[in-house]
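*Asks:* Take a look at the following structure, please.
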Amino acid sequence: MLGVAKTRFRAATHATEVLRGRSARPLYVTATGMAPADAAELVRSMAGAGRLPDALRRVDRLARGAAPA
């Protein structure tokens, strides 16, 4: 399981910071069942030029109630 957050959770001391694109603000990646470094590299290599990968941007919008494109 892979978790990606845009803000740090106080209790998630095991999150790996991942910088993408030209953003100075990291994403916080957690993983179960895979090495944290592998999870971070997976998020780092996802498609999309910005801070948030394209697939995660779409999931975030859908979770907030946006209509599917």
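The values are calculated or read from the model by the stated rules, or taken from the named source; none is laboratory data. On a predicted model such as this, the values are computed, not experimentally measured, just so you know. Neighbour counts run over all protein chains shown; Cβ positions are idealised from the backbone, glycine included. Only protein heavy atoms, including side chains, enter the accessible area calculation; ligands, DNA and RNA are left aside. Shrake-Rupley method; radii C 1.70, N 1.55, O 1.52, S 1.80 Å.
*Asks:* For segment 54-62, does any single residue satisfy the condition of being open to solvent by less than 70 Å² (accessible area, probe 1.4 Å), assigned to a helix (DSSP H, G or I) and not small (Gly, Ala, Ser)? Walk me through it before giving the result.
*Replies:* Within segment 54-62, the first condition is being open to solvent by less than 70 Å² (accessible area, probe 1.4 Å), and the residues that meet it are 55-56, 60.
Now drop any that are not assigned to a helix (DSSP H, G or I), which leaves 55-56, 60.
From what's left, not small (Gly, Ala, Ser): 56, 60.
Among the residues of segment 54-62, at least one is open to solvent by less than 70 Å² (accessible area, probe 1.4 Å), assigned to a helix (DSSP H, G or I) and not small (Gly, Ala, Ser), which makes the answer yes.
*Asks:* Would you point out the residue of segment 16-35, among those that are open to solvent by 40 Å² or more (accessible area, probe 1.4 Å) and among the charged types (D, E, K, R), that is nearest to the chain's Cα centre (by Cα)?
*Replies:* Only one residue tops the list, namely GLU17.
*Asks:* Can you name every residue in segment 1-15 that is open to solvent by less than 100 Å² (accessible area, probe 1.4 Å) and not hydrophobic (A, V, I, L, M, F, W, C)? Don't jump to the end; show me each part of the working.
*Replies:* In the first step, residues of segment 1-15 are kept if they are open to solvent by less than 100 Å² (accessible area, probe 1.4 Å); the result is 2-7, 11-12, 15.
Hits for segment 1-15 are GLY3, LYS6, THR7.
*Asks:* What's the number of the only condition in (1) touching a helix residue (DSSP H, G or I) at 6+ places or on another chain (Cβ under 8 Å); (2) modelled with pLDDT of 90 or more that PRO68 fails to meet?
*Replies:* Checking PRO68 against (1) touching a helix residue (DSSP H, G or I) at 6+ places or on another chain (Cβ under 8 Å); (2) modelled with pLDDT of 90 or more, the one that fails is (2).
*Asks:* In segment 20-52, what residues are touching a strand residue (DSSP E or B) at 6+ places or on another chain (Cβ under 9 Å), without any contact (Cβ under 8 Å) to a residue 24 or more places away in the chain and not acidic (Asp, Glu)?
*Replies:* Listed by number, the residues that qualify are PRO26, PRO36, ALA37.
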